[in-house]
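What follows is a set of notes on a single structure, which appears directly below.
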Amino acid sequence: MDGGPSLDPGSPRVLFGTEMRRLREAAELSQVAVASRLGCTQTQVSRLEKATRTPSRSDAERLDRLFKTPSSSFFTRLHESIVSQSRTPAWFRDWAEEIEPTALVLRSWDPLLVPGLLQTEAYARYVLSQEPRMTPQDVEERIESPCMYGPSEWTGPGAVPFPTRPRSRRKMRTH
């Protein structure tokens, strides 16, 4: 058992890999030879044949030219079928199939709020007002709260402390 996801033997992706391997072997080509003609690695060819990698449109077009498929678009049509069945965007498929399996560490940075030094009172007011149970009075109380501008205990969206008030900035400049 290789630990990978089980694939539907009748899926277009499996058919793509099976036909690719059948045509490669009929042409007496190694995976390395096919890889050099496709402009990729032997590992990528292997993954295409095992249906553990989604082929790109350019892979499909090159395979149609390489193997001179009867309709000259066999692999291209299979590629379109594979992509149309997928419910994930192409950028995520590439991430999940190419990057994630070989990564040692995955890090993602998704800024949801403006960093503290760039925030203003108006920005703080807007962000706090988006909290579902926050009344306008609660927003103003939080804005005026001393903890808002010191060590933060705020636990709203993103739990990011807001910058010091203008009077505190003056104090910071004098130190």
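Once the other residues with Cβ under 13 Å from the Cβ of Arg22 are scored (Lys, Arg +1; Asp, Glu -1), what is the net sum? Counting the neighbours of Arg22, the net charge comes to -2. Modelled spin labels at Met134 and Arg77, positioned 7 Å past Cα toward Cβ, are 5.7 nm from each other.
Relative contact order of segment 12-102: 31 percent, from C-alpha pairs under 8 Å at least 6 residues apart in sequence. Note that segment 136-141 has calculated 3J(HN,Hα) couplings of x, 5, 4, 4, 5, 4 Hz, one per residue in order, obtained from phi through the Karplus relation 6.51 cos²θ - 1.76 cosθ + 1.60 (θ = phi - 60°); glycine and proline are x.
A protection proxy built from the mean count of other Cβ atoms within 10 Å ranks the segments 10-17, 65-72, most packed first, as 10-17, 65-72.
Every read-out reported here was derived from the displayed coordinates using simple, explicitly stated rules and does not represent laboratory data. Given the structure is predicted, the values throughout are model-derived calculations rather than measurements. All Cβ positions, glycine included, derive from the backbone under ideal geometry; neighbour counts span all protein chains shown.
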